[in-house]
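Scroll down for the structure; my scribbles are underneath it.
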Amino acid sequence: MALQETRGDVRDLGLAQDGVNRIQWAEREMGVLRIIRERFAREKPLDGLRLAACLHVTTETANLAITLKEGGADLALCASNPLSTQDEVAAALVSHYGIPTFSIKGENNDTYYSHLSAVLDHKPQYTMDDGADLVSMLHKERSELLAEVAGGTEETTTGVVRLNAMAADNALKYPIIAVNEAETKHFFDNRYGTGQSTLDGITRATNILWAGRRVVVGGYGWCGRGVASRARGLGAHVIVTEVNAVRALEAVMDGFTVMTGTEAAKVGEVFVTVTGGRHTISGEHMALMPDGAIIANSGHFNVEIDIPALEAMSVSHREVRPYVEEYTTTDGRRLYLLGEGRLINLAAAEGHPSAVMDMSFANQALSVEYLVNNNKEMKPGVYVVPSETDQEVGRLKLESMGIKIDRLTAEQQRYQESWEEGT
């Protein structure tokens, strides 16, 4: 495809060819999305539909955007986090693939929200969000556009929490499918993707040795399970903190040490938050941490670490490596905050591996198609991904990997559906 300029706001269009190369590299690992793209190109199920997407602008997201465009969507894209953009990918989407993209790595808050507003200027009929910032702006500041919006999707745990709160307040004005709740999303993306990419980001930022390190994981949801498992796999001694008794018990049964945040703060060397909540690491915790403690977040927003409290207890602060800020406290300890407290796997690394995002973004594409076909019967609210979509994504993933599985025989199927047979 010849290079062509289209509207958007990116760092440098001269980076586009590097972006194309990286997008094509990621595509090799995204067999499910490739199968869906080929069908979308033939059938055009999204023909002419205006779609506003707020996602991490990475090579994997680019492949989703290209798939949606092949399906006929008129798409505008912005970043869902100021530090997660891959600038060469954003440039390629604008100049090579003709997809308006508003995304610059390191953009300040004003630019971030102006980019959200720019994609809403597209007057979307459907939204695709990661963290619910786009949906929130649409409802609070651009409500005049809501009449045309027929549906949306949400990618992440944090966004689903926000949307459920909106629905509980009767504030949500259209149906949104919680892609995060699909089994082929949270079982794999949240666990294997977050687990690997979080450790990758921390390693790239710090070059620490994990073996023998005391690592505290805040939260034992699917993301926390992944981080804890991968840290243990590299030889770390893992401590888990939790507020949910059942998850804490599961962590114990999985072989991890479980403590309160206060207890863990005294002995941890690396702290990683993955809760989606506010101040998982508080000022009280940081006051107890040993000299040299490393603090990172892999939850969606940078509120999981109480950064203002860290600043208040410090007498100086400097950047010692890219994405590593050293805070010297009033009692002489040095604490190291990574990636400004934002998603370290995207701030300092490349996010989840393409093979995992393949399933998450396949769910995104198929969920939009489902909304197009069914939104008239759906009231405003948060919906789970249809089970048949989940199963289809799993089937296609196995097919793309060359793996076959058994099917129930007719006799087995009858037994499953019967209540009459017993001992």
- Message: Give me the one-decimal Kirkwood hydrodynamic radius in Å for the range 288-383, with the sum taken over alpha-carbon pairs.
- Response: 16.4 Å
- Item | Sparse-neighbourhood loop sites, GluC sites (Glu not before Pro) in the range 25-103 - DSSP loop, at most 15 other Cβ within 10 angstrom | none
- Message: At 1.4 Å probe size, with the rest of the protein present, what percent of the exposed accessible area of the chain is carbon and sulfur atoms?
- Response: 49 percent
- If contacts are Cα pairs under 8 angstrom and at least 6 residues apart, what is the relative contact order of the chain in percent? 17 percent
- Query: Farthest toward the dipole's positive end in the chain, which of PHE40, SER418, GLN196, given Cβ charges of +1 (Lys, Arg) and -1 (Asp, Glu) about the Cα centre?
  - Reply: GLN196
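Determine the calculated [θ] at 222 nm for the chain from helices alone, applying -39500 (n - 2.57) to every DSSP H run no shorter than 4 residues and normalising by the residue count; nearest 500 deg cm²/dmol.
-12500 deg cm²/dmol
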- Once Rh for the chain is found with the Kirkwood sum over Cα pairs, what is the Stokes-Einstein diffusion coefficient at 10 °C and 1.306 mPa s, in µm²/s? 71 µm²/s
- Item | Unit charges on C-beta of K, R, D, E only; dipole of the chain, Debye | 440 debye
- Message: Show me the ranking of peptides 227-239, 341-353, 141-153 by mean Cβ neighbours inside 10 Å, starting with the highest.
- Response: 341-353, 227-239, 141-153
- Task: Send over a whole-number figure in Å² for the accessible area per residue of the range 45-200, probe 1.4 Å.
- Result: 29 Å²
- Count of Lys pairs (Cα-Cα under 21 Å; at least 8 positions apart or interchain) in the chain: 14
- Query: Given labels modelled 7 Å from the Cα in the Cβ direction, how far is it in nm from LYS376 to PHE187?
  - Reply: 3.4 nm
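The values are calculated or read from the model by the stated rules, or taken from the named source; none is laboratory data. On a predicted model such as this, the values are computed, not experimentally measured, just so you know. Quick reminder, even Gly has a Cβ in these numbers, built from the backbone with ideal geometry, and neighbours come from all protein chains shown. Heavy atoms of the whole protein, side chains included, go into the accessibility calculation; ligands, DNA and RNA do not. Shrake-Rupley method; radii C 1.70, N 1.55, O 1.52, S 1.80 Å.
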